[in-house]
Structure formats: C-alpha cells, structure tokens
1. Express in Å², to the nearest 10, the accessible area of B:ASP22 obtained by rolling a 1.4 Å probe over the protein heavy atoms while all chains stay in place.
2. Just check chain B against the gyration tensor rule for me: Cα atoms, a ≥ b ≥ c as the square roots of the eigenvalues, rounded for a/c under 1.5, and otherwise prolate or oblate depending on whether a/b exceeds b/c.
3. Suppose R0 equals 45 Å. What FRET efficiency, 1/(1 + (r/R0)^6) with r the Cβ-Cβ distance, do B:TYR64 and A:LYS15 give to the nearest 0.05?
4. Accessible area of chain A with a 1.4 Å probe: how many percent of it is carbon plus sulfur?
5. Within the set of other residues whose C-beta is less than 14 Å from the C-beta of A:GLU44, count the net charge using Lys and Arg as +1 and Asp and Glu as -1.
6. In the stretch B:11-47, what residues drop by 10 Å² or more of accessible area when the other protein chains are put back, versus the chain on its own? Use 1.4 Å, and skip ligands and nucleic acids.
7. Total accessible area buried between chains B and A, 1.4 Å probe, in Å² to the nearest 100?
8. If only Cα atoms are counted, what is the Rg of the stretch B:1-54, and what is its Dmax, in Å?
Amino acid sequence: GAGVSQSPSNKVTEKGKDVELRCDPISGHTALYWYRQSLGQGLEFLIYFQGNSAPDKSGLPSDRFSAERTGGSVSTLTIQRTQQEDSAVYLCASSLASFEGEQYFGPGTRLTVT
Amino acid sequence: AQKVTQAQTEISVVEKEDVTLDCVYETRDTTYYLFWYKQPPSGELVFLIRRNSFDEQNEISGRYSWNFQKSTSSFNFTITASQVVDSAVYFCAQETSGSRLTFGEGTQLTVNP
C-alpha cells in the first residue's frame, strides 16, 4: 500500500515569508508526527496528533510554528516569518495509534530559507 | 527525560566484515519501545525494528540482529557479512508514553568494497 507522502519535496523561500508543508499519512493510521532533521540538532520531535485529541505541541521551537490535521488525515505544518535557522528537512511519520505500532516516515520536505 | 546515545559517530568496514552499532538509552518509564532506522543517501528513514521493553529476546532478521539488554540499557545492532548497500546512517530511537521518538545522533556506516 501507499506510504507516507509529503509535499513539496523541496522548498526554497525568502526569509520572512510563510511556508506550508503537507503530509499525507498511511491510510488507517490515527497517529501523525512531525520531526525536523537539521545538521546541528539531529532529529527533533515537533508535534504529534492522535485521533481527535488535542495535539502535543511541546516540541515546536517557537510560536511561528503551527500545525493542523484536518479530518484526522492530512496534516499541514506552517512556519510563519521564516528564519534561516528554520532550514532543515521536515519529516512526517504516522503509526496505527499512539504508542502502538511502528512509526513510518515520509520522504521529507527540504526547506531552505535564503 | 529520555536520552539515546550512539557513541559511534562513524564506522568504516570492508565488505563481508561484521559490524556492531551501539545504542544506550535512558528512561524512567517501565514501558517503552526501542527502534532502529536506516537512512540511506536518498534520505528517507527506513524502519528496521521495534522492540518492547518487556521483550529481551534477541532478534535476527537475515543478516541483521539485535541484542537488547535492560541491565545495561543497551540495544545494539549487528550486521553480519556487511555489504556496500548497508552504507547509511543508522539511528536508534526510543518511544515512551509520550509517543514521540527520541533519537540518537546516528552512526554513519560506510562499507567499502
């Protein structure tokens, strides 16, 4: 079956602009996660959604970052007023449910802020 | 707080050698899961294994094997008869009741022909 998909695969934006990154989880997976991979910070957790529960936003680095998940499926990560330090690969993962099953990752979106 | 340590930043071996990647974790939780992921040059994280904290049995899958020892908080990964295609960055990770994955820094494995 289809895996986790993310779009766009690459995004170049100017400092100060807003960007939206999209994630389509595996069908039937109720848990969805966003992580960020950057050279200096490794792989960091950002936010996670489980069904209709309030998301765990504790990993978001600043209030410029937000995410939503519509209809329990597709998720959008929004970064407002992008900064150069936001440059990273943003990874989305999904699993059957929170703390149940493997987390499968998408190919990521490489964000470059110039 | 959870922490995962992969002390080996880079390992270089010659094809057909066996290689072990070390992983040490820290947690106060009694229920947790441990993972290994492979990240080839293409960049996508590939799931390899998930192990429950209550299951200390070693696991073997083809040339891959994992040794889980709670006494030393370690979850080491061995590749037997390594191949060039095994070249990648390997990440160890831990999942606790908060559901997020805490990753180690990764080990870059290079297998030379």
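The values are calculated or read from the model by the stated rules, or taken from the named source; none is laboratory data. Worth saying up front: this structure is predicted, and the values here are computed from it rather than measured. A quick note on method: Cβ atoms are made from the backbone with ideal geometry, for glycine too, and the neighbour counts reach across all protein chains shown. To get the accessible areas, we keep the full protein, side chains included, count just its heavy atoms, and leave off ligands, DNA and RNA. Shrake-Rupley method; radii C 1.70, N 1.55, O 1.52, S 1.80 Å.
1. The accessible area comes out at roughly 60 Å².
2. prolate
3. Computed FRET efficiency for B:TYR64 and A:LYS15: 0.55.
4. Values: 2410 of 5450 Å².
Its accessible area is 44 percent carbon and sulfur atoms.
5. Summing Lys/Arg as +1 and Asp/Glu as -1 gives 0.
6. Those residues are B:THR31, B:TYR33, B:PHE35, B:TYR37, B:GLN39, B:GLY43, B:GLU44, B:LEU45, B:PHE47.
7. Buried: approximately 1700 Å² between A and B.
8. For the stretch B:1-54, the Cα radius of gyration and maximum Cα-Cα distance read 13.7, 39 Å.
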